[in-house]
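The values are calculated or read from the model by the stated rules, or taken from the named source; none is laboratory data. Keep in mind it's a predicted model, so treat the numbers as computed, not measured. Reconstructed Cβ throughout: ideal geometry from the backbone, glycine too, with neighbour counts over all protein chains shown.
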């Protein structure tokens, strides 16, 4: 774990890890709103090859609504990103942003409470993998 993510390396190929991650997110009440294939983007824009790397923009609508009510400009920091990264040898690292760390600069107790709840759910997702 870094100071800003929760991570776990799965003994699973990229496609399997992707499916498991989406299922765990759904089980925790998150939908995937955005998806960025970084490997394809780097190849197309830079002609650079990297191992499979995908960013999933995950959102839990009730918690996002609470966050926007507490801090109207918080949308600039949404959705919560979850990344999948092929680390070789049939393994995939899955990392989720720590919303408490990413929102630490915002002094708002109501938002902090929402961030704590989102943090717990994202930690649960990583553990469930």
TODO: For residue 127, work out the one condition from (1) at negative phi; (2) free of Cβ contacts under 8 Å to residues at least 60 places away in the same chain; (3) surrounded by fewer than 14 Cβ atoms within 10 Å (Cβ to Cβ) it doesn't fulfil.
DONE: (2)
Open item on the list: With the requirement that a residue be surrounded by 14 or more Cβ atoms within 10 Å (Cβ to Cβ) and closer than 24 Å to residue 114 by Cβ, what does region 32-64 give you?
Closed with: 32, 33, 55, 56, 57, 58, 59, 60, 63, 64
TODO: Take region 112-129 and flag every residue that is more than 10 Å from residue 96 (Cα to Cα) and assigned to a helix (DSSP H, G or I).
DONE: 112, 113, 114, 115, 116, 117, 118, 120, 121, 124, 127, 128
Open item on the list: I'd like to check something: does region 84-100 contain any residue that is over 28 Å from residue 12 (Cα atoms) and either assigned to a helix (DSSP H, G or I) or over 11 Å from the mean Cα position of the chain (by Cα) (or both)?
Closed with: yes
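Here is a yes/no grid of residues against (1) surrounded by 15 or more Cβ atoms within 10 Å (Cβ to Cβ); (2) under 17 Å from residue 24 (Cβ atoms); (3) touching a residue at least 24 places away in the same chain (Cβ under 8 Å):
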residue	(1), (2), (3)
66	yes, no, yes
79	yes, yes, yes
93	yes, yes, yes
104	no, no, no
Task: Meets criteria (part of a strand (DSSP E or B), surrounded by 11 or more Cβ atoms within 10 Å (Cβ to Cβ) and either under 19 Å from the mean Cα position of the chain (by Cα) or at pLDDT below 95 (or both)) for residue 74 - done: no
Open item on the list: Every residue in region 1-28 that is buried (at least 17 other Cβ atoms within 10 Å of the Cβ) and farther than 13 Å from residue 124 by Cβ, please.
Closed with: 5, 10, 12, 14, 17, 18, 20, 22
Task: Complete set of residues in region 106-123 that are closer than 17 Å to residue 26 by Cβ and surrounded by fewer than 15 Cβ atoms within 10 Å (Cβ to Cβ) - done: 120
